[in-house]
Each structure stands twice: as structure tokens, then as C-alpha cells.
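The values are calculated or read from the model by the stated rules, or taken from the named source; none is laboratory data. Source: prediction; values computed, not measured. Quick reminder, even Gly has a Cβ in these numbers, built from the backbone with ideal geometry, and neighbours come from all protein chains shown. The protein model used for the area step is the full one, side chains on, heavy atoms only, and it has no ligands, DNA or RNA in it. Shrake-Rupley method; radii C 1.70, N 1.55, O 1.52, S 1.80 Å.
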Amino acid sequence: MSYTLTTAREIRQLTLRCIHSQGSGHVGGSLSIADLLAVLYDKFMKYDSTQPDMQGRDRLVLSKGHSGPALYATLALKGFFPVEWLDTLNRLGTRLPSHCNMVLTPGVDMTAGSLGQGLSCACGLAVASKLSRDKAHIYCILGDGELQEGQNWEAAMYAGAKGLNNLTVFVDANGMQIDGTTKEVVNVEDIGKKFRAFGFDIARVNGHDHEQLSDAIAKALKSKKRPVCIVMDTIKGKGVDFYEQMGIAVHSTSCNDEQYEQAMQLLK
């Protein structure tokens with residue numbers, strides 16, 4: 001699994017380069033999904049970076065769109081656009097806004113920003129794929145705090161009722177959101193049982209264990225009748241110890257010159 005570990009490290013490095021260019025940003029939730037993005041784009045996603053709009057490509061909906069820097073880092077690493085674009089995050093005229101925009105950024109399959117809407121969009125993409133018979137698989141990444149939005153459960157009910165077996169949902173269950181822990185704000189657990197009740201097959205994994213992620217995704221791709229939800233237990237700021245230790249403050253925080261240099265040393 002060493003090659004995906006290398007990719008995850010590079011994604012974290014480029015994510016922080018992206019955020020450092022702005023001086024601050026959504027560090028915590030970007031770093032927590034780096035391992036998933038490495039496994040998906042190295043092993044499972046069907047795509048062609050020279051043809052971002054290729055018919056039949058797999059789609060990724062990053063519903064927790066504030067973690068865009070991690071997706072931008074991944075797309076740059078995979079050749080969708082020049083790495084130098086990462087230095088323009090959220091600047092005037094950028095192709096990389098703070099939240100993902102499918103019109104501006106090659107490789108971004110769905111615009112995000114208002115939490116709670118991404119799963120509905122993913123359902124639409126899954127239905128469209130079935131109608132066109134292009135054999136695409138649709139992946140959607142949600143935050144656990146985002147599950148407090150009711151629209152998610154309407155979409156989950158629809159996905160289960162329609163048997164969207166070409167849909168795999170990931171929940172980044174890091175237990176924190178902007179105002180506190182998810183348990184303190186509005187407790188969303190048990191996430192797996194909830195999705196199962198809406199007609200999903202479920203798995204729960206360590207979201208930083210590449211073997212567990214790979215096994216769960218491979219099994220999801222074999223589903224014949226149901227959508228699949230993979231709940232990932234993760235750590236906000238994963239990979240950089242001083243960010244990991246910040247708690248809810250790491251949701252959106254600084255990445256100044258000193259922090260950036262220190263993080264790069266840790267990520268060597």
C-alpha cells in the first residue's frame with residue numbers, strides 16, 4: 001500500500017501549500033480526507049486528466065465543499081491543472097475558489113458550498129448514469145456535522161428506495177464542526193444504523209487506514225442492489241501533530257510561514 005501512502009503525503013503537502021497561499025483556511029477537514037482521496041484516485045476512480053469531461057468517467061461530489069483545498073491538491077497532483085494554480089486559492093480571478101466550483105475547476109464534478117446538498121446531486125448523477133448506461137460510479141463525501149441538514153436524509157431515502165447501487169457515500173466522521181463537537185451541537189450517531197435504515201449497505205472503517213478503505217470500496221463496487229455508505233472515523237488535521245491537537249479550532253485556522261515550514265518538515 002506504500003504508493004497510496006506516498007500519494008496521501010503529497011496531497012497533504014499540496015493542500016497546505018494551497019491554504020498557505022491564502023494564509024488561512026479549512027485545514028482540519030481538508031487533511032482528514034487526504035487518505036480517502038489518495039486511495040480513490042490511485043486505485044478506484046475512472047478518469048482521464050487530459051479529458052476532464054470524458055463520458056463514462058466516475059464522478060466525485062465533495063459535498064463538504066470547504067475541504068476543497070484537498071481536492072484541488074489531488075487534482076493538481078493527477079495532472080488536471082498546473083500545480084501553480086494552488087498558489088491562487090480564493091484570490092481575485094482564481095480558478096480555485098474556497099469552495100469547489102465545477103464551472104471554474106477542471107476535474108470538479110459538482111459545485112459545493114451550502115452543506116447538505118451534495119448527496120442530492122450525487123443521486124441525480126447516479127440516476128443519469130443508469131439512464132445513459134455509461135457504467136460510471138458516483139462517489140460522495142459528506143461531513144458528519146453536515147448530516148444535521150435534513151436534505152441529506154431525503155436524498156438517502158431516495159437512493160435506498162431506487163436501489164442506486166452505483167452510489168458510494170463516505171462520511172468523514174471526525175466528530176467536530178465549526179461550533180463544537182457534533183455530539184454537543186446535534187448528535188448524529190449512530191451514522192451507520194441511520195443509513196442502513198434508509199436502505200444502504202454500510203461499513204465503518206478507520207479513515208486513515210488505506211487497506212481498510214480499499215477493502216470497503218472494493219466491496220461497495222460489487223453491490224448489486226443497494227447504495228453503500230462507508231463511515232470513516234477520522235482525525236481533523238491528520239498528519240500534522242500540532243493541527244491534530246487543536247480540536248475544533250482547526251476547522252478553519254491559520255497556515256502562516258512558520259506553521260507551513262513546520263508542517264512540511266513533519267510531512268517529509
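For this structure, a couple of remarks:
- Of the residues making up segment 165-176, none is open to solvent by 10 Å² or more (accessible area, probe 1.4 Å) and either of a type in the set (K, R) or part of a helix (DSSP H, G or I) (or both).
- Residue match in segment 198-205 (condition: of a type outside the set (D, E, K, R), over 18 Å from S120 (Cα atoms) and out of contact with any Leu (no Cβ under 7 Å at 6 or more places or on another chain)): yes
- Taking the conditions (1) of a type in the set (G, A, S); (2) modelled with pLDDT under 95; (3) within 20 Å of L16 (Cα to Cα) in turn, A112 satisfies each one other than (3).
- Screening L60 with (1) outside any helix (DSSP H, G or I); (2) closer than 18 Å to G207 by Cα; (3) open to solvent by 30 Å² or more (accessible area, probe 1.4 Å); (4) not hydroxyl-bearing (S, T, Y) gives one miss only, at (3).
- Residue check, I33 open to solvent by less than 10 Å² (accessible area, probe 1.4 Å) and touching a His at 6+ places or on another chain (Cβ under 9 Å): no
- In segment 146-158, the residue that is most open to solvent (accessible area, probe 1.4 Å) out of those that are in contact (Cβ under 8 Å) with a residue 40 or more places away in the chain and under 28 Å from K238 (Cβ atoms) is Q148.
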